[in-house]
Structure formats: C-alpha cells, structure tokens
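Asks: After the structure tokens below, expect a handful of questions from me.
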Amino acid sequence: MNTRMKKIGILGFQGAFVEHELHIERLGHEAVDVRYPGQLEELDGIILPGGESTTIGKLLIRTGMMEPLRQKIENGLPVWGTCAGMILLAKELEDDPMKHLAVMNIKVRRNAYGTQIDSFDTDILIPAVNSEPIPLVFIRAPYVTKVGAGVDVLCEIQGHVVAAREKNMLATSFHPELTNDSSFHRYFIDMCNE
Ligand code: GLN
C-alpha cells in the first residue's frame, strides 16, 4: 500500500467542488480543480461532483475531456461520482437513451425521489465506510435500479441502491461533501492507495 500524499482532481465545471476540496485537504491530501484534459495526467484519483448531469456531460465533450477521462478510468484511475457524477458513470440510464462516460455497470434513474421528497437527509450505518452511522444528504438524487456483474452494493435505502463500487469506481446518490463527515472521502483515498 502506497500512503504518500495523493493528488485528487475534482471536476470543477459546476456543483459542490469546493466542498469536496475542503474534505480532501482536511485529510492531508492535495485537491485540484480540473477543467482541462491535460490536468488528467497528474492525478491519483478524480471526483465528479453533483450538479446537472446533462450540463456536465456537454461540458466534458466541449472541453475535449470525455474521451481521455473515459480512457483513464478504464485504465484504472480511481473515480468517485456523487449524485450527477453517478449519472455520468452509469452505463445505462432508466427511461433515457442518453449515456455519458458509461463506464460503470449500473443502471440509474435520475431524479428518482420524485417531487414530494426530492431532497432529504438521514443517518445510516455503512459498515464498509464507518463503524458508526454517518449523515447522508440527498438533493434531487438518482438511485441505482440495476446492478451488473462485478458491482458491490455499499448502501441501500428502502430497497434502493444509493452507494456502489465496481473496482476503481465508486458512485453515491448522496453528497458526503455537504456534511462534516469525511468518512467517504477517506474511503475514496483508500481506493487511491490500493
Ligand atoms: N438531478 C440532477 C441530475 O439529474 C442531479 C442532482 C445533483 O447532482 N444534486 O443531473
């Protein structure tokens, strides 16, 4: 295990990238705001934050980052998608022919919690991540409706998968960066050390 300081990129087009950076720095690692393809070369891992997946997808294409990022992930670069980031990673979207990076063997429903409870928070125990319950914040969140081969489910809420991992890829429906708890960021740094 290689435990040197990691350089973690956070896709900086929109969404809560500053909050992710603060957690990474709090854990003693370097966080960089990523907006250009050339920046992908120097990273030990990358976080795709929440926001609006259609917009982020278009910006990935416009900046020429979609293909190089897909290749990096396929070659093993650790990646963590939160909320819209989960949508970007999914190989399939429910009721939608759209695909973005399409690298992770999951099917995802956008805005899955409908309009009644489209944003909520809860505390839950996720044994792979922390021995105590951690706060989870959902904002117009997606969830996983189908998990393919090789995908481990880390957390389910009321029968819906809201956190999953496949090899170097982590996807969460919720926003750990909007809480004071750094457990998920620590879990991701551990993935970058594997
Ligand atoms: N609803 C957004 C989408 O479909 C995701 C919301 C979020 O990232 N907080 O892209």
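Asks: Suppose a student asked you for the relative contact order of the stretch 1-52, using Cα pairs under 8 Å spaced at least 6 residues apart; what percent would you report? Show your work: numbers first, answer last.
Replies: Details: 78 pairs, mean separation 27.2, N = 52.
Computed over the stretch 1-52, the figure is 52 percent.
Asks: Sticking with this one: For the stretch 1-121, what does the accessible surface come to per residue with a 1.4 Å probe? Please give it in Å².
Replies: Per residue, the stretch 1-121 has 47 Å² of solvent-accessible surface.
Asks: With the crude spin-label approximation of a point 7 Å out along Cα→Cβ, what separation in nm comes out for M5 versus E132?
Replies: For the pair M5/E132, the computed spacing is 2.9 nm.
Asks: Figure the gain on full extension for Y36 and A102 (residue separation times 0.36 nm, minus the Cα-Cα span) and round it to one decimal in nm.
Replies: 21.8 nm
Asks: Efficiency by 1/(1 + (r/R0)^6): what FRET value for R26 and N193, r their Cβ-Cβ distance, R0 = 22 Å, to the nearest 0.05? Don't skip to the end; give the middle numbers.
Replies: Working: r = 17 Å, r/R0 = 0.77.
Once the sixth-power term is evaluated, E becomes 0.80.
Asks: Another question about this same structure. Round to the nearest 0.05 the FRET efficiency obtained for Q116 and E156 when R0 = 22 Å and r is the Cβ-Cβ distance. Please list the in-between numbers first.
Replies: Numbers: r = 20 Å, r/R0 = 0.92.
It comes out at approximately 0.65.
Asks: Below 8 Å between Cα atoms, with a sequence gap of 6+, how large is the relative contact order for the stretch 104-180 in percent? Could the numbers behind the result be given before it?
Replies: Values: 146 pairs, mean separation 23.2, N = 77.
In percent, rounded to a whole number, it is 30.
Asks: Take every Cα pair under 8 Å in the chain that's 6+ residues apart, average their separations, divide by the length, and report that relative contact order as a whole percent. Don't skip to the end; give the middle numbers.
Replies: Working: 420 pairs, mean separation 37.8, N = 194.
Once normalised by length, the contact order is 19 percent.
Asks: For the stretch 1-101, what is the largest minus smallest coordinate of the Cα atoms on each principal axis, given in angstrom and ordered from greatest to least?
Replies: Computed over the Cα atoms, the extents are 42, 26, 24 Å.
Asks: In whole Å, what three semi-axes, largest first, describe the equivalent ellipsoid of the chain built from its Cα gyration tensor (square root of 5 times each eigenvalue)?
Replies: Working: eigenvalues 99, 82, 49 Å².
The three semi-axes for the chain are 22, 20, 16 Å.
Asks: Using a probe of 1.4 angstrom, how much of the accessible area of the chain is carbon and sulfur, in percent? Please report the intermediate quantities before stating the final value.
Replies: On the way: 4180 of 8820 Å².
Carbon and sulfur together cover 47 percent of it.
Asks: Let me ask something else about it. Would you mind checking the stretch 80-115 for residues with the amide N under 16 Å from a putative spin-label position 7 Å along Cα→C-beta of K58?
Replies: Once the point is set 7 Å along Cα→Cβ of K58, 98-100 turn out to lie under 16 Å by backbone N, inside the stretch 80-115.
Asks: Further question on the same structure: Hey, what number do you get for the chain at 222 nm if only DSSP H runs of n ≥ 4 count, each worth -39500 (n - 2.57), divided across all residues, to the nearest 500?
Replies: Values: 5 runs with 46 residues, N = 194.
Roughly -6500 deg cm²/dmol at 222 nm, from the helical runs in the chain.
The values are calculated or read from the model by the stated rules, or taken from the named source; none is laboratory data. What you see is a predicted model; the values in this text were computed from it and never measured. All Cβ positions, even for glycine, are placed from backbone atoms using ideal geometry, and neighbour counts span all protein chains on display. For the accessible areas, the whole protein counts, side chains as well, though only heavy atoms, and no ligand, DNA or RNA atoms are used. Shrake-Rupley method; radii C 1.70, N 1.55, O 1.52, S 1.80 Å.
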